[in-house]
Amino acid sequence: MPDRSVEKAKPKPIVLANWGRRFLAWFVDYLIINIMLGYFGLEDIESRLVPSFLLPRFPAVDLSLWSPLSVLIFFLYWTFSEWYFGRSLGQLLLNIRLVDRAGRNASLKASATQSLGKSLLLPLDCLIGWVYRPCRELRQRLFNRLSNTIVIFVGSPDEVVRERDLAKEP
């Protein structure tokens, strides 16, 4: 009689996504949302709703330096897509996802916390993540650290670098 013992499937190791893949995912999201905002005429709507002193512009060019309404839209987009689906469109295209430190889906609160840094303070958020050692070890931005989340590679990476108990995509 054949042995019918059941082998337990080994859990997939968590592989931290590299910064280049994360940046490309952010850039894809940025392009998609800005194309949609341009299509719906966000600047026209915003110029009617928001006082002009809150919409600083580049001198001699009709481009605003920042847009409170687009920051809000990016925040909502990343918060709900990464909470509900685990990833945004850019992350989906580049095979990465947001999870908590244990590898489970991020909570709404954690997703909102890390989205705040990504939509409003990204350069500072990344800089602190690259400089501050506890963030650097887990490839976290500051707001990933505050929300206790990590960004992982989904799939089978070609190569994995092991550091201590972590697997990282090179």
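The values are calculated or read from the model by the stated rules, or taken from the named source; none is laboratory data. The structure displayed is predicted, hence computed values, not measured ones. Because the Cβ atoms are built from the backbone with ideal geometry, glycine has one as well, and the counts that use them run over all protein chains shown. Quick note on the areas: whole protein, heavy atoms, side chains included, nothing else; ligands and nucleic acids left out. Shrake-Rupley method; radii C 1.70, N 1.55, O 1.52, S 1.80 Å.
See the values below:
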{"quantity": "Subset tally (residues that are part of a helix (DSSP H, G or I) and either open to solvent by 70 Å² or more (accessible area, probe 1.4 Å) or modelled with pLDDT under 85 (or both)) for segment 5-36", "calculated": "7"}
{"quantity": "Hey, GLN91 without any contact (Cβ under 8 Å) to a residue 40 or more places away in the chain, open to solvent by less than 60 Å² (accessible area, probe 1.4 Å) and within 21 Å of VAL15 (Cβ to Cβ) or not", "calculated": "no"}
{"quantity": "Leading residue by the ranking (farthest from GLY20 (Cα to Cα)) among those in segment 137-163 that are among the basic types (Lys, Arg) and surrounded by 13 or more Cβ atoms within 10 Å (Cβ to Cβ)", "calculated": "ARG145"}
{"quantity": "Which listed residue, of GLY129, GLY155, GLY117, is among the small types (Gly, Ala, Ser), within 18 Å of PHE27 (Cα to Cα) and modelled with pLDDT under 95", "calculated": "GLY117"}
{"quantity": "Subset tally (residues that are open to solvent by 30 Å² or more (accessible area, probe 1.4 Å) and touching a residue at least 24 places away in the same chain (Cβ under 8 Å)) for segment 101-129", "calculated": "9"}
